[in-house]
Amino acid sequence: MKKFDIPEYYKSSITGRIKEARRILDPRKKDFTPTELDFGPVKFYIARHFGFCYGVENAIEKSYKALEDNPDKKVYLLSQMIHNQEVNRDLQSKGIEFIMDTDGTQFIPWENLKPEDIVIIPAFGTTLEIEQKLENIGIEIQKYNTTCPFVEKVWKRSAKLGEEQHTIIIHGKHNHEETRATFSHSAEKAPAVIVKNLKEAELLGEVIKGKISKNEFYELFKGKYSDGFDPEIHFNKVGVVNQTTMLATETQEIADYIKNVIIELYPEDHKEHFADTRDTLCYATNDNQDATYGLLEQEADLALIVGGYNSSNTSHIVELCERKFPSYFINSANEIISRQEINHFDYKNKKELRTQAWLPENEPLKIVLTSGASCPDTLVDEVMLKVLSFFENTMTVEALLAKFEVE
């Protein structure tokens, strides 16, 4: 895989070395068991896969290159480069300005932009409507377009479904930048509708079967269907794609459910009415989620998950970890106040919490540690070191890392 030129301060001297050792020993990525780091009074179970993915590193490289190449120009980001506060803050400190926030709220009016300005399109991609606005201003959008190739793969899949006269059902969060972009690109080629989860897919199934009326559909899925969508005719042929960071198991459940509805309606020729698309999750989401299932095989006292609080892929890792462990979603080591106190994020209710007595007193203490695809490995290192600082007589990091030297 391509090596990207990203700032040195995003690169890890601890978990990076462990990742490299695992990569050398398991190049085909067959082993999803975590790495055990035994420091004596505390043990960490590090996920086999976590942290920056191809699309994120590509976006970071292009963003810093845009700053380097254009010292005398205004450099804008359409919205957050990735869903990580530390990375976005660093880019802002170097002069990049955000045109809008992740929900699409405008900070800088379009009329303030000039043809010579640089606008970076983030890893999530953007809508066709926004691309057209930028082109109308005269801004060249391709040079610093950092749209992840795995997001573009979904768009291509959607285009093919449209060519085959299928309606596109998108599994995603309708207000997420990536889903908004995928919806825009899909709706250009075919009727499209968004479902957030299996519950919404089941409602859609009732619509497809004619048990929920057209008007009820318009109310239930307000803001989630394309212009001119007619549920009485547009569910004759369907295919399912997804926001690349959704839970793979949930996407499969949704696709299987919709397929069974189609089989019920068209038992003789259902293959003509349902496009049996392969999963459109990106490789990193798949790897990170499979590695999280590997973590769930362990016995541990708690889990720490590091990442941006508005990161979809990170929240799904938290969701998985919560199935077995007391889990704390933090954006950096700064959230660990002390051995007694921790600030963390409740992703379900979108609020920050402070918990007391979060770190059990037993030794050896066993901690699961992982992060999302938009989180620099250095932040994971810092979390590990912060926790280690609460214990005495621990093995040194260098002594432990010596065990991971591969000849």
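The values are calculated or read from the model by the stated rules, or taken from the named source; none is laboratory data. None of the values given here were measured: they were computed from a predicted structure. As a convention, Cβ positions derive from the backbone with ideal geometry for all residues, glycine included, and neighbour counts pool all protein chains shown. Calculation scope for accessible area: heavy atoms of the full protein, side chains included, ligands and nucleic acids excluded. Shrake-Rupley method; radii C 1.70, N 1.55, O 1.52, S 1.80 Å.
Projecting the Cα atoms of V318, T249, T179 onto the charge dipole of the chain, computed from C-beta unit charges around the Cα centre, puts T249 farthest toward the positive end. Only helices enter this figure: runs of n ≥ 4 DSSP H residues, each worth -39500 (n - 2.57), summed and divided by the residues of the chain, yield -11500 deg cm²/dmol at 222 nm to the nearest 500.
Relative to the globular-protein estimate of 2.2 N^0.38 Å, the Cα radius of gyration of the stretch 254-396 stands at 1.36. Put simply, the convex hull of the Cα atoms in the stretch 205-251 casts, on average, a shadow of 4.1 nm².
Taking the DSSP bridge list for the stretch 140-260 and keeping only pairs wholly inside it, about 10 percent are antiparallel. Mean separation of Cα pairs under 8 Å and 6 or more residues apart, divided by the residue count, gives the stretch 75-216 a relative contact order of 19 percent. I'd like the antiparallel share, as a percent to the nearest 5, of DSSP beta bridges with both residues in the chain. In the chain, approximately 30 percent of DSSP beta bridges are antiparallel ones. A simple spin-label model places the labels of Y283 and E363 4.3 nm from each other, with each point 7 Å out along Cα-to-Cβ.
With the convex hull of its Cα atoms as the shape, the stretch 316-407 has an orientation-averaged projected area of 7.4 nm².
Treating each Cα of the stretch 1-58 as an identical point scatterer and summing with the Debye formula, the log10 of I(q)/I(0) at q = 0.12, 0.19, 0.29, 0.30 Å⁻¹ comes to -0.34, -0.81, -1.36, -1.38.
In this label model, T249 and Q356 are separated by 3.5 nm, measuring between points 7 Å along each Cα→Cβ vector. In this structure the amide hydrogen of H171, modeled in the peptide plane, comes within under 5 Å of the amide hydrogens of V195, V241, N242, Q243, none closer than 5 places in sequence on its chain. Just the number please: accessible area per residue for the chain, 1.4 Å probe, all protein chains included, in Å². Value for the chain: 46 Å² per residue. Taking the square roots of 5 times each eigenvalue of the Cα gyration tensor of the chain, largest first, gives ellipsoid semi-axes of 38, 28, 19 Å. Using only side-chain charges placed at the Cβ, +1 for Lys and Arg and -1 for Asp and Glu, the dipole size of the chain relative to its Cα centre rounds to 180 debye. Centroid-to-centroid, using Cα positions, the stretch 239-301 and the stretch 180-207 are 15 Å apart. In a simple Cβ point-charge model (Lys, Arg +1; Asp, Glu -1; nothing else charged), the stretch 70-183 has a dipole of about 260 debye relative to its Cα centre.
For the stretch 231-311, would you read off the P(r) tail past 15 Å as a percentage of all alpha carbon pairs? The answer is 67 percent, as a whole percent. Along the axis of the charge dipole computed for the chain (Cβ charges of +1 for Lys and Arg, -1 for Asp and Glu, origin at the Cα centre), the listed residues T126, I330, V380 are led at the positive end by T126. Semi-axes of the equivalent ellipsoid of the stretch 1-130 are 36, 15, 14 Å, computed as sqrt(5λ) over the eigenvalues of the C-alpha gyration tensor in descending order. Compared with the direct C-alpha span, the chain from D256 to D227 gains 7.8 nm at full extension, assuming 0.36 nm per residue. Annotation: average projected area of the stretch 103-172 is 5.8 square nanometres, based on the convex hull of Cα atoms across all directions. Distance between the pseudo-spin-label points of Y266 and T105 (7 Å out from Cα toward the beta carbon): 4.4 nm. Of the solvent-accessible surface of the stretch 285-361, computed with a 1.4 Å probe over protein heavy atoms with every protein chain present, carbon and sulfur atoms account for 42 percent. How far is the Cα center of the stretch 42-63 from the Cα center of the stretch 375-403, in Å? The stretch 42-63 and the stretch 375-403 have Cα centres separated by 17 Å.
According to the Cα-based calculation, Rg over Rh for the stretch 142-268 is 0.96, with Rh computed by the Kirkwood formula. State the extension gain, in nm to one decimal, for the chain segment bounded by E129 and K156, taking 0.36 nm per residue of separation less the distance between their alpha-carbons. Extra length available between E129 and K156 comes to 7.9 nm.
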